[in-house]
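To keep things clear, I will list the structure first and then write my remarks on it.
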There are 4 protein chains.
Amino acid sequence: MTDLDVATLQRRLVAFAEARDWGPFHTPKNLTMALSVEASELAEIFQWLTPEESVEVMSDPDKAFRVRDEVADVLAYLLQVAAACDVDVLQALSEKIDRNELRFPAGPR
Amino acid sequence: MTDLDVATLQRRLVAFAEARDWGPFHTPKNLTMALSVEASELAEIFQWLTPEESVEVMSDPDKAFRVRDEVADVLAYLLQVAAACDVDVLQALSEKIDRNELRFPAGPR
Amino acid sequence: MTDLDVATLQRRLVAFAEARDWGPFHTPKNLTMALSVEASELAEIFQWLTPEESVEVMSDPDKAFRVRDEVADVLAYLLQVAAACDVDVLQALSEKIDRNELRFPAGPR
Amino acid sequence: MTDLDVATLQRRLVAFAEARDWGPFHTPKNLTMALSVEASELAEIFQWLTPEESVEVMSDPDKAFRVRDEVADVLAYLLQVAAACDVDVLQALSEKIDRNELRFPAGPR
């Protein structure tokens, strides 16, 4: 993991959109549509693969590039949704994991 | 932004799934399906809203909770996809922004 | 297959929405969002199933009901998108199959 | 509306896949993933449009072609899901509208 951090990348994305006057397009509604489209583009890479092939997806350089690219697109729109709605994504996830630990207790090992 | 970081949350998600023996279900293929489903659940909150209403979505406490919750779910599955495919999400996003700066030059202001 | 037909069901859906004054919500944009959400709800039923389990999905009465219900929801929104955009769905599909027969020639058997 | 009917198109789609030996790929799970991807491709056409622009989408010949093409793709995968799960789509929709008439009573006009 690099020394990159979410807050810096999020500011970079917001500045990128502002520099291109994309603000009017970037309503929370539109950003969630775009996020959903990008998530589907990631799933599309896997749609005809067997479970076993999906585990090996990164051994194909072309598919590996697409997976990285679509993962980046999903994160890009997720951070823009979060910026538009003033949601701290890391805090939201941390709280969600806390709730899930109560909801799905781990059994004895 | 808190002092939480992506790597720590990602490790916590992976440990959570391992403690529940969810490994066999968590193929990259299945995780991308789940990611896409969660992204749609986030979009669903906005589907009948006008653009103006979508900008104000967080002023409704019930919708605000759902937005935070679904943003967390999307990030949770994205980090699990990334862990399963050994993708560094922050590095992938940083490189994608670099590519987009070449692809969509900002005009003069 | 029953004696039901697409045109009659499509008129029934349009009348249903009109009777509830849902016209302002039913822009093509919003209807495609709702269609995408329903398609994800159908996929969600399958997300943790193995390929073999997915083939047997209808042997579970609860899952079978959900599959039928979500298939109906997808078709409902698809027909409403088509009505809003004045697309003849059966004609569009017939033409698409024609194009695909040229694009993906069947090999010798 | 043409004299085309759903049952004939559905048989044509199934024969098309069989002639190309796509059976092993066409599990219900994979078909629902593909359906969801196509529904997102339809939504993508609209993601940056205002509500007003979305109503006028068919006046742009390029967008109109894409809308028809994606509507056809969604219907194609929906009919293949239905064939794989032995769901009569028109019957399922008719019953769903019946249920919705009880669930969302129309008010007095």
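A short reminder: the numbers here are calculations on the coordinates, not readings from a lab. Predicted, not measured: the structure shown is a model, and the values here were computed from it. Quick reminder, even Gly has a Cβ in these numbers, built from the backbone with ideal geometry, and neighbours come from all protein chains shown.
Inter-label distance, A:Asp62 to D:Ile97: 4.5 nm, where each label sits 7 Å from its Cα along the C-beta direction. Dipole size of the protein assembly as shown about its Cα centre, with +1 on Lys/Arg Cβ and -1 on Asp/Glu Cβ: approximately 0 debye, rounded to the nearest 20.
Could you grab the relative contact order for chain A? Cα pairs under 8 Å, six or more apart, rounded to a whole percent. So the answer I get is 35 percent. Peptide C:61-71 shows a mean partner chain C-beta count of 4 within 10 Å per residue C-beta. When chain C is treated as a GNM with alpha-carbon contacts under 10 Å, the residue of C:Ala39, C:Ala82, C:Ala92 showing the greatest mean-square fluctuation is C:Ala92. The charge dipole of chain D, taken about its Cα centre with unit charges on the Cβ atoms of Lys, Arg (+1), Asp and Glu (-1) only, comes to about 360 debye.
What is the distance in Å between the Cα centroid of region B:1-34 and that of region C:54-92? Result: 32 Å between the Cα centres. Build a GNM of chain D with springs between Cα atoms under 10 Å apart, and of D:Arg99, D:Arg11, D:Arg66 the one that fluctuates most is D:Arg99. Past the 18 Å Cα-Cα mark, which pairs from A:Lys29/C:Lys29; A:Lys29/B:Lys29; C:Lys63/D:Lys29; B:Lys96/C:Lys29; C:Lys96/D:Lys63; C:Lys29/D:Lys63? Correct reply: A:Lys29/B:Lys29; B:Lys96/C:Lys29.
Each of D:Thr8, D:Gln91, D:Trp48 was placed along the dipole of chain D (beta-carbon charges, centred on the mean Cα), and the one lying farthest toward the positive end is D:Gln91.
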